[in-house]
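Peer 1: Please find one structure pasted underneath; my questions will follow.
The values are calculated or read from the model by the stated rules, or taken from the named source; none is laboratory data. Please read all numbers here as calculations on a predicted model, not as lab measurements. Every residue, glycine among them, receives a Cβ derived from its backbone with ideal geometry; neighbour counts consider all protein chains shown. Note: areas computed on protein heavy atoms with side chains; ligands, DNA, RNA excluded. Shrake-Rupley method; radii C 1.70, N 1.55, O 1.52, S 1.80 Å.
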Amino acid sequence: MRALAFGVGAAGLAVMVAAIQRSESPVDRFLKSLTADQRAQAMKSFDDPYRTNWRFVPATREGIHLKDLTPDQAKLAADLLHSSLSDAGYKRVETIKGLENVLKEMEGGNPGRDQGLYTFTFFGSPSPTAPWGWRYEGHHVSLNFTYKGGRLVSSTPQFFGANPAEVMSGPQKGTRALPKEQDLAFALLGSLNTSQLSDALIAISAPGEIVTSNARKVSIQEDKGLHYADLDAKQKQALLNLVKVYTESQTGEEAKRRWNRVEPNTIVFAWMGSTKPGKGHYYRIQGSKFLIEYDNTQNDANHIHSVWRDFDGDFGEDVLADHYAEWHHSAN
């Protein structure tokens, strides 16, 4: 490197170093910035059971917390997260994280409401061939990414929550982290005629939580509700626009891949609870390959939980079936 430096000069060397840094992926740059102890804290094996142990409530999490990073490392962590999401998705995540300050104020300085508790956990080392993955998680956020053959094969489970759903007072008054998830759903519901509403409304009371919670593998729900085929053209587009809200947090390529899993003619839209905002309500959108759930019942219906699940593809399990079979065979 010294001989090369004499040949190209200081300015040329700086350009070369910058080019090398740009060629590294955001995940490589972030992991490279960690100390040995931090890497041991952040990384697990790909087959560690914790990879599928996802949660969206306040909890003790394994991995590297934001509060344990230096400012430079925190910047690289933000770059990694932003590069893995669309601008809209990154804004959602940051807005949800910012609500921890609102809750801390509401709860008299509760130390458990801490933006520094959001956590990165890596499963396996980034590889162009072997499967690996990572998760970003904290209160009301769980983002799970799985890779194989150097490409992203799964971005589910994807959970976003918001408490408060709308901030009613203070410096962040009026903030809504997940407005489309609620507003587009009520607009669709309001467009239904009496017969359609009768089919869509499957219960007069909403459940207190998303039905599937944080199950490792999501199960198909009952085939109750309003079928896509029973909507008019405008309503069909409104329903698909609502589905797209749950894809738009991902990068363009991943959003397209996820959208390709949507088979409109298989979709069933079901509603429970109040048909007006301000009281507890719930909806689900179920297709042949995916399930969306939304619940807003807690804290006087000002507390949203929303999730996208793939029936066979969460944590990349459909794509990784051969890997699991090979691993199990070699273990025997």
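Peer 1: For the range 167-192, how many residues are exposed (fewer than 12 other Cβ atoms within 10 Å of the Cβ) and within 20 Å of T275 (Cα to Cα)?
Peer 2: Result for the range 167-192: 1.
Peer 1: Got a sec? Which of V319, V307 is surrounded by fewer than 21 Cβ atoms within 10 Å (Cβ to Cβ) and in contact with a strand residue (DSSP E or B) (Cβ under 9 Å, 6 or more places away or on another chain)?
Peer 2: After applying the criteria, what remains is V319.
Peer 1: Within the range 29-55, take every residue that is more than 22 Å from L76 (Cα to Cα) and acidic (D, E) and give me the one that is most open to solvent (accessible area, probe 1.4 Å).
Peer 2: Per the stated criteria, the residue is D47.
Peer 1: Shifting gears a bit: Do we have A162 as surrounded by fewer than 15 Cβ atoms within 10 Å (Cβ to Cβ) and closer than 16 Å to Y294 by Cβ here?
Peer 2: No; evaluated as a whole, the condition is false for this residue.
Peer 1: Pick out the one residue from V218, V243 that is among the aliphatic types (A, V, I, L, M), open to solvent by less than 40 Å² (accessible area, probe 1.4 Å) and assigned to a loop (DSSP other than H, G, I, E, B).
Peer 2: V218
Peer 1: May I pose another question? Mind checking which residues of the range 124-144 are of a type in the set (A, V, I, L, M, F, W, C) and assigned to a loop (DSSP other than H, G, I, E, B)?
Peer 2: Of everything in the range 124-144, just one residue is of a type in the set (A, V, I, L, M, F, W, C) and assigned to a loop (DSSP other than H, G, I, E, B), namely A130.
Peer 1: Could I ask something else about it? Please enumerate the residues belonging to the range 153-180 that are in a strand (DSSP E or B) and under 17 Å from I304 (Cα atoms).
Peer 2: Matches in the range 153-180: Q158, F159, F160, G161, A162.
Peer 1: Further question on the same structure: For A77, all conditions in the list (1) more than 21 Å from the chain's Cα centre (by Cα); (2) within 20 Å of G133 (Cα to Cα); (3) open to solvent by less than 30 Å² (accessible area, probe 1.4 Å) hold save one; what is the number of the exception?
Peer 2: Unmet condition: (1).
Peer 1: I need the full set of residues from the range 258-275 which are assigned to a loop (DSSP other than H, G, I, E, B) and under 21 Å from G190 (Cα atoms), in order please.
Peer 2: Passing the criteria: I267, S274, T275.
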